[in-house]
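Comments concern the structure below.
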Amino acid sequence: MADFDKLVVSFLVDEVVGGFFISVPPGHVACVYDRGLGVLKRVWGPGLHLKIPFWQIAKLFNGQILEYTIRHGFDLSQKEALGDEPIVVSTKDNKVVFIEGSILFKIDKANAPELWEQIGDNFISKVVRPYSRSRVASIVSQYNAKDIGIQRTEIEKLIKEELNKLFSDKAIIVENVLFSEVKEIKGDAPAEAHPVLSANQTTNTPQG
């Protein structure tokens, strides 16, 4: 429940309905649903703002960078939790690997109304998780298992670029993609996995 609580409390929060004011904390923006006009295109930044009570409903979006964690044992019982189980990929040389890591992303504040109107509150399960799985699997599958550690920076950069293309019209910006561990499955079970890339392994070129 911890990840889901973090999502609800700090990422997407309903403002109190019926109030005269919208209080927007630092790092957040507010969008307003008007019962006559729909979701307004304007975005309210940090500060205290007036709204029409009962007729308008405000929603706060966290515009800060958030971490979407891909790791073994991640609890997917809460669909909007910020993360996923390891992504299973078949590499170019027909090896099966498990990918673990993090995707750092944030909301495009200027386009937050489009995110709320077109996708709604459930954009982790609708957009972030399926798109991330697809792009990670697609790009890693173009490499041999033994080359993933060597070309880690290149692979991370390609995934970031691909995700930003897919998210460009969805008000989501990917800041970085970071692999923590890649394991090759030697047998039929994850317990028999052999590390291809570990958290302590570094490359010569940092990702920009």
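The values are calculated or read from the model by the stated rules, or taken from the named source; none is laboratory data. Quantities reported herein were computed from a predicted structural model and do not represent experimental measurements. All Cβ positions, even for glycine, are placed from backbone atoms using ideal geometry, and neighbour counts span all protein chains on display.
What are the residues in region 24-57 that are in a strand (DSSP E or B) and more than 29 Å from S132 (Cβ to Cβ), if any?
If we filter region 24-57 for residues that are in a strand (DSSP E or B), which is where we start, we get 24, 28-34, 38-39, 44, 47-50, 56-57.
Within region 24-57, V32, D34, G38, W44, G47, L48, H49, L50, Q56, I57 meet the criteria.
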Original post:
Any idea how many residues of region 156-184 are more than 30 Å from S77 (Cβ to Cβ) and buried (at least 16 other Cβ atoms within 10 Å of the Cβ)?
Top reply: 2
Original post:
Of all residues in region 133-186, how many are within 22 Å of V96 (Cβ to Cβ), assigned to a helix (DSSP H, G or I) and in contact with a helix residue (DSSP H, G or I) (Cβ under 7 Å, 6 or more places away or on another chain)?
Top reply: 8
Original post:
Given the residues R135, R152, which is the only one that is closer than 22 Å to E80 by Cα, buried (at least 20 other Cβ atoms within 10 Å of the Cβ) and charged (D, E, K, R)?
Top reply: R135
**OP:** Kindly list the number of the only condition in (1) at pLDDT 90 or above; (2) surrounded by 14 or more Cβ atoms within 10 Å (Cβ to Cβ) that fails for D34.
**Re:** (2)
**OP:** Report yes if some residue within region 52-64 is under 23 Å from E161 (Cβ atoms), of a type outside the set (D, E), surrounded by fewer than 19 Cβ atoms within 10 Å (Cβ to Cβ) and at pLDDT 95 or above; otherwise report no.
**Re:** no
Original post:
Do any residues in region 69-81 that are among the small types (G, A, S) have Cβ atoms under 6 Å from those of residues that are surrounded by 12 or more Cβ atoms within 10 Å (Cβ to Cβ), where the two are at least six apart or on different chains, and which pairs are they?
Top reply: A81/D3; A81/F4
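Collect the residues in region 90-131 that are of a type in the set (D, E), under 30 Å from K146 (Cα atoms) and either more than 16 Å from the chain's Cα centre (by Cα) or in a helix (DSSP H, G or I) (or both), keeping them in residue-number order. Show your work before the answer.
Of all residues in region 90-131, those of a type in the set (D, E) come to 93, 100, 108, 114, 117, 121.
Filter again for under 30 Å from K146 (Cα atoms), leaving 93, 100.
Residue satisfying the conditions is D93 alone.
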